[in-house]
Amino acid sequence: MRIAMVSEHASPLAAPGGPDSGGQNVHVRELSRALAADGHEVTVLTRRDSADLPETVPLCPGVTVRHVTAGPPTAIPKDELVAHVPALADELARLWTAEPPDIVHAHFWMSGLAATAAVRAPDVPLVQTFHALGVVKQRHQGGDDTSPQGRITAEQVVARRADRVIATCEDELLELTRMGTPRQRISVVPCGVDLDLFTPQGPALPRTQRPRLVTIGRLVRRKGVDEVIEALARVPEAELLVAGGPPAGQDPAADPDLRRLHEVAERAGVASRVRFLGAVAREDVPALLRSADAVVCAPWYEPFGMVPLEAMACGRAVVASEVGGMIDSVVHRVTGLHVPPRRPDELGRVLRRLVAETAMCAGYGMAGRDRAVSRYSWPRVAAATAAVYRDVLAGRAARTAASTGRRPIATAGSR
């Protein structure tokens, strides 16, 4: 199949960890690579955010990243990109009219908004993955939600117009049906994990004598790092390593999120037991995870959550908020423990018990590795995604045949 991936703000070439760079970048990159390894041809279309970027960049054999001009060629915050969606749609339509792909897969709502307009001229089927839903974000963040006005309505429109919507977990499936998406047009395909990079064997970051907890991700308030730090007060024997945010050694006053977390640690009386590592290169993340007794992921909400998978693949116990995709990936009392979000008291109680039970940590870690291998490899995720593409293409072919009275024939995307 010739597959066009649209990821307007999340380039697969960008390193995760920036203000608008995270799981979607990794998802698009690894899914594209796995699809190409299975013989498909993938073009990832992402917005040009620098005048110095070449038009195309080869990512790996079978995957090309194409920079599309939509608005000024400079970095623009994600929530301010909606004004440039029409320009993105026009450019996509021009490219696809000249050389239509077999199928388009849009990632995030603004990509979907552009793609729904662009696929009309060449009449190409569209698959949509939202990665996060505005209705969920609004529910949990309220007045702090910076999403553009009209996002929720736009997502409803995209979900209705797409040939298929891919949800990454059962919780998202329920949210999609509540917003009016027909169940028969939703498929559930999870995110994946690189099982060659994230392994139990390999180097580990040096340790102290204390039990070690690790949390990784952006430092914005909704990611729940504040609650993890507050919970540490109830685990007096443990240390906490926080990875994410600006480079290590930067003055906390220069970054509002880092300054806030330092203040939280001081108020909780745990500043001497919290280490802020700053941004950690992706290739160094496995060594950090392997050094942990338990990895803590305590966001208020999480569409899927890749860090729990990466920790499980490294054979580490996971303590995770019982929200979103982590309800599916982390099996309570099998690969780790669930906790209610925004409850540092309960999180502290669970962590204190867990770090005291080294055999329990080891058992959860072994079960986590088994689960990651059996369910979440990128080749498995890519195969499930390609099956969705083939089903969409077959449905299109059958409807066309029914309308013309002709028998369906094999298409270029049916292999």
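The values are calculated or read from the model by the stated rules, or taken from the named source; none is laboratory data. Nothing here was measured: the structure is a model prediction, and the numbers come from that model. As a convention, Cβ positions derive from the backbone with ideal geometry for all residues, glycine included, and neighbour counts pool all protein chains shown.
Summary of computed values
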| quantity | calculated |
| --- | --- |
| Answer from R333, R342, R352 - the residue that is farther than 29 Å from M5 by Cα, touching a Phe, Trp or Tyr at 6+ places or on another chain (Cβ under 7 Å) and surrounded by fewer than 21 Cβ atoms within 10 Å (Cβ to Cβ) | R342 |
| Residue check, P303 at pLDDT 95 or above, not hydrophobic (A, V, I, L, M, F, W, C) and not in a helix (DSSP H, G or I) | no |
| Residue check for V42: over 25 Å from R161 (Cα atoms) and surrounded by 21 or more Cβ atoms within 10 Å (Cβ to Cβ) | no |
| Extreme residue, surrounded by the most Cβ atoms within 10 Å (Cβ to Cβ), among residues of the range 220-240 that are out of contact with any Lys or Arg (no Cβ under 8 Å at 6 or more places or on another chain) and under 26 Å from N25 (Cβ atoms) | V225 |
| Yes/no for V319 being assigned to a strand (DSSP E or B), over 15 Å from the mean Cα position of the chain (by Cα) and aliphatic (A, V, I, L, M) | yes |
| Per-region count, the range 91-128, residues assigned to a loop (DSSP other than H, G, I, E, B) and either outside the structural domain of L31 (by TED's automatic domain parsing) or in contact with a Leu (Cβ under 6 Å, 6 or more places away or on another chain) (or both) | 1 |
| Failed criterion for V280 (all others in (1) free of Cβ contacts under 8 Å to residues at least 24 places away in the same chain; (2) of a type outside the set (D, E, K, R); (3) in a loop (DSSP other than H, G, I, E, B) hold) | (1) |
| Flag if T335 is in contact with an Asp or Glu (Cβ under 8 Å, 6 or more places away or on another chain), among the hydroxyl-bearing types (S, T, Y) and either free of Cβ contacts under 8 Å to residues at least 24 places away in the same chain or within 27 Å of D194 (Cα to Cα) (or both) | no |
| Enumeration of residues in the range 151-166 that are out of contact with any Gly (no Cβ under 8 Å at 6 or more places or on another chain) and free of Cβ contacts under 8 Å to residues at least 24 places away in the same chain | T153 |
| Any chance P236 is assigned to a loop (DSSP other than H, G, I, E, B) and in contact with a strand residue (DSSP E or B) (Cβ under 6 Å, 6 or more places away or on another chain) | no |
| Matching residues, the range 61-116, being more than 11 Å from E8 (Cβ to Cβ), of a type in the set (V, I, T) and buried (at least 19 other Cβ atoms within 10 Å of the Cβ) | V63, V65, I103, V104, T116 |
| Residue in the range 8-30 that is surrounded by the most Cβ atoms within 10 Å (Cβ to Cβ), counting only those that are at pLDDT 95 or above and of a type in the set (D, E, K, R) | E8 |
| Residues located in the range 43-90, provided they are among the hydroxyl-bearing types (S, T, Y) and either within 22 Å of S147 (Cβ to Cβ) or not in a loop (DSSP other than H, G, I, E, B) (or both) | T43, T46, T56, T64, T74 |
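Condition check ((1) under 27 Å from the mean Cα position of the chain (by Cα); (2) at pLDDT 95 or above) across all residues:
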residue	(1), (2)
M312	yes, yes
G324	yes, no
T335	yes, yes
R352	no, yes
Y376	yes, yes
V381	yes, yes
Y389	yes, yes
T400	no, no
S414	no, no
